[in-house]
1. Give me the residue from segment 40-64 that is of a type in the set (A, V, I, L, M) and over 15 Å from H113 (Cα atoms) and, out of that set, most open to solvent (accessible area, probe 1.4 Å).
2. Every residue in segment 236-271 that is farther than 21 Å from L33 by Cα, in a loop (DSSP other than H, G, I, E, B) and either open to solvent by 50 Å² or more (accessible area, probe 1.4 Å) or aromatic (F, W, Y) (or both), please.
3. Keeping to segment 131-182, report how many residues are part of a helix (DSSP H, G or I), open to solvent by 10 Å² or more (accessible area, probe 1.4 Å), touching a strand residue (DSSP E or B) at 6+ places or on another chain (Cβ under 7 Å) and more than 13 Å from H264 (Cβ to Cβ).
4. Can you tell me which residues in segment 222-241 are hydroxyl-bearing (S, T, Y) and touching a Lys or Arg at 6+ places or on another chain (Cβ under 9 Å)?
5. Would you mind telling me which numbered condition in (1) at pLDDT below 95; (2) farther than 22 Å from R211 by Cα; (3) over 15 Å from the mean Cα position of the chain (by Cα) E14 fails?
6. Look at segment 66-96 and say how many of its residues are open to solvent by 10 Å² or more (accessible area, probe 1.4 Å) and under 26 Å from P135 (Cβ atoms).
7. Among residues belonging to segment 195-235 that are in a strand (DSSP E or B) and not hydrophobic (A, V, I, L, M, F, W, C), point out the one that is farthest from I138 (Cα to Cα).
8. Could you please give the count of residues in segment 101-126 that are part of a loop (DSSP other than H, G, I, E, B) and either farther than 17 Å from C269 by Cβ or in contact (Cβ under 8 Å) with a residue 40 or more places away in the chain (or both)?
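The values are calculated or read from the model by the stated rules, or taken from the named source; none is laboratory data. Computed from a prediction, not measured in an experiment: that's the story for all the values here. Using ideal geometry, Cβ is built from the backbone for each residue, glycine included, and neighbour counts are taken over all protein chains shown. When the accessible area is computed, the model is the full protein with side chains, heavy atoms only, and any ligands, DNA or RNA have been set aside. Shrake-Rupley method; radii C 1.70, N 1.55, O 1.52, S 1.80 Å.
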Amino acid sequence: MPQESAVYTHGHHESVLRSHTWRTAANSAGYLLDSLTPHMRILDIGCGPGTITADLAALVPDGQVTGLERAPEVLDQARATAAARGVGNVRFVVGDVHALDFPDDTFCVVHAHQVLQHVGDPVQALREMRRVTKPGGIVAVRDSDYSAMTWYPEVPGLTDWQQLYLRVARGNGGEPDAGRRLHAWARQAGFAPEAVTATAGTWCYRTPEERAWWSELWADRTVSSSYARIAVDGGHATEAELRRIAEAWRAWGAEEDGWFGILHGELLCRV
């Protein structure tokens, strides 16, 4: 079976986990929640620190949730998240979405949030997700679209950030504009068009607290995370350019009229 060939652009620096631990089933998987029933078995791919996973486990109290992550170092935090919330119907494992170590027809729902943009072969990933989903079950995926991100005001440097991120992510073998491609990848993976419900969702950061949080985590990520190292080592930017972009993030965060919108593609695919 194919194995992962892409490099995860963000890594698991504190500035990245600061973002990931903000995510909940409500703000990141709302398009899926009406389809859940208490008995379901769910596979949550790319579970990271486990905040969405633990929420899903609480929503299927008579079922079981498996959180899968390629990077084992973050799973201790995921287990701690589940323990702190008192959910016992969840477990965490290491694995690769391109070659899932589960039998056919294992899960009622296979979910992946912000995963397909980072993998080397998203179509193969969707085929594997489909394979391990029971007939009548659901494959649910949601990914952002970096070229569709928009903000106000036009602080000098943020367009440079956007273009740099696109170069770095694609240089790592991923596709940062995954959101607009999800439905096409699902068709290539063998899902019938009538079995796919495609929608769009958004995140928006506007209040002073939201602007401070979003701008600071991206300023820190730009200079301190593995994304920063990959950007420099890959010849995409110098350290001075990264510092300038980080300051642009802080300048935007200080704007009283600051607003940032993120578009996501979402799919519910019936197996």
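1. The first filter runs over segment 40-64 and keeps only residues of a type in the set (A, V, I, L, M), leaving 40, 42-43, 45, 52, 54, 56-60.
If we keep only those that are over 15 Å from H113 (Cα atoms) too, we end up with 40, 57-60.
Working: M40: 23, A57: 2, A58: 62, L59: 83, V60: 0 Å².
Going through the qualifying residues, I end up with L59.
2. Hits for segment 236-271 are H236, T238, A254, E255, E256, D257.
3. Qualifying residue count for the region: 0.
4. T222, Y227
5. Result: E14 fails condition (2) only.
6. Qualifying residue count, segment 66-96: 6.
7. Initial filter on segment 195-235 (in a strand (DSSP E or B)): 196-205.
Applying the additional criterion that residues be not hydrophobic (A, V, I, L, M, F, W, C) yields 197, 199, 201-202, 205.
Values: T197: 11, T199: 15, G201: 18, T202: 22, Y205: 30 Å.
Among them, the one singled out is Y205.
8. 9
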